[in-house]
Structure formats: structure tokens, C-alpha cells
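Please read the structure below before turning to the comments.
What follows is calculated from the coordinates using simple rules that are stated; it is not laboratory data. Because the structure is a prediction, the values reported are computed rather than measured. Counting neighbours? That spans all protein chains shown, and the Cβs are built from the backbone with ideal geometry, glycine included.
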Amino acid sequence: MDVLEAILSRKSIRAFKPDPVPKTTIDRILQIAQRAPSGTNTQPWHIHVCAGDVKQAITNDVLALSRAGKGRTYEEYDYYPAQWKDIHRERRRGIGWALYGLLGIKKGDREASARQGARNFLFFDAPVGLFITVDAYLGRGSWSDAGMYAQTIMLAAKGFGLDTCPQAAWIPYQEPIYRHLQIPEDQSLVTGMSLGYADPDAIENTVVSEREALENVVHYRGFE
């Protein structure tokens, strides 16, 4: 697949087929992703890959925490702000209601919203789960590097006919992830990710998030 096509066709998939992904394919994707850039070539990322019983154990334990209301907050991990500015809040709401509208979830239906939110912890039925971490002592520059690494994985996956969904939803429920994947405590969780073959019949996979007009985000100086 052409790199431009991969960029333009990549989107977050929220319903996967159960078809397994060969480990050799995952290895090749991650080998390619090692070419992601990083400041002074620090390559600060680690990636923890799960499938089968280990993935199911993470799902079971995180769902139990979620149902019991025992998740921590994003603010505790300095991940998201306690309050969003209007422009960012509206973008978040926009993609959320675009998805919920397709699924027939009405505004105010907290039970249905919670059920859909819990789909994150099933990896949206994907056969493979990924978790990206960086050494906890590292700062924002290394988190930026980890973001470029995650994007490289997602684009490389497209080249193998696979799709992904990066998931911040795991951040409040880290203990089972660290325990089942034997992640050292000196690691900070950057993101989770689902990997697999998109279900072409799932209506939620028709969602394409809107992008801001260039004139609202591009700031040129010094051009004639």
C-alpha cells in the first residue's frame, strides 16, 4: 500500500473480526516500526503484545474494575486535563456522538454508553492487544517519540491489510495490565491499541472523524 493511501485510509476501528494475526506478521510490523524517529535516537518505547488467555485475563480484570467503579482518573496520571477548552471538548463530543448516533445510542442513555465504552476492554474483539510504555523518568519529548512510534505501527499495519484502534481508555485501569504482562513498575503506560482485521459489516467502522480546516491550524510566516 502506498504511504499516502495508508495515511488517508487509517482510522480507528471499533469492531474486528476474530481471525488470528500470525506472530510473524506482528514481528514484521514491529520491525518496521523500529524505524520510527526519536530525539537523539533514544528509542524510548517498549511494546507489550498480548493474545489468547493473557489478553482475556486483562479483559476480565479490567472489566471487573470498571463495573466496580474502581478506575483511577486520567488526571492522576497527568494524561488528560480535568477540564477541556471548548474547542477540544467539542471535537471530543463530535466523534462520540457520531459513533453513538450510528449505534442508536441516545443522549442521556448512560447504560448504553457504558456498554459501548466497555467494548474498549474487549479490544473491540480484536485478536491482538498492544500496550506501549516508556521509562517513567522520561519527559514530554519521549512521550512525543512514543506517539510517533504508535503512528508508525498503525501505518505499517495498513500495509499488511490490518487495522488498529489506539486506546487511552486503558489508562485508568493499569494494575491488571502491568500484572498480566509483567511490565516493570519503572514504566509509564502511553497507550493501548487493538490490532486485527476490521469487520467490514460493522456499522461503527463507517465512522470517519472530521478534521479541522487547514486555515484553522496552519500558521505560515515569511511566504510570498
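With a cut-off of 14 Å between beta carbons, the residues surrounding ASN41 carry a summed charge of 0, where Lys and Arg count +1 and Asp and Glu -1.
FRET efficiency for the pair LEU63 and LEU8, taken as 1/(1 + (r/R0)^6) with r the Cβ-Cβ distance and R0 = 35 Å, rounds to 0.55.
Modelled spin labels at ASP135 and HIS46, positioned 7 Å past Cα toward Cβ, are 1.1 nm from each other.
What does a probe at ASP125 reach in segment 192-208, counting residues whose amide N is under 12 Å from the point 7 Å along Cα→Cβ? Counting backbone N atoms under 12 Å from the label point, the list is 197-205.
Among rounded, prolate and oblate, which fits the chain when a ≥ b ≥ c are the square roots of the eigenvalues of its C-alpha gyration tensor, a/c under 1.5 means rounded, and a/b larger than b/c means prolate? Judged from the Cα gyration tensor, the chain comes out rounded (a/c under 1.5). Charging the Cβ of each Asp and Glu at -1 and of each Lys and Arg at +1, and nothing else, the dipole of the chain about its Cα centre rounds to 400 debye.
Cβ crowding within 10 Å ranks SER194, SER144 as SER144, SER194, fewest other Cβ atoms first. In straight-distance terms, cross-link reach from LYS158 covers every one of the aspartates and glutamates whose alpha-carbon lies under 14 Å from its own, apart from those fewer than eight places away in the same chain; here that gives ASP2, GLU5.
Of the residues GLU204, GLU185, GLU76, the one with the fewest other Cβ atoms within 10 Å heads the list, and the complete ranking is GLU185, GLU76, GLU204. What lysines could a cross-link reach from LYS55, if we take a straight Cα to Cα line under 19 Å and drop same-chain neighbours fewer than 8 places away? Within the straight-line cut-off, LYS55 pairs with LYS17, LYS23. Along the positive direction of the dipole of segment 11-160 (beta-carbon charges: Lys, Arg +1; Asp, Glu -1; about the Cα centre), which of TRP143, SER113, PRO127 reaches farthest? Farthest towards the positive end: SER113. Taking the Cα centre of segment 25-104 as reference, the dipole from Cβ charges on Lys and Arg (+1) and Asp and Glu (-1) amounts to some 220 debye.
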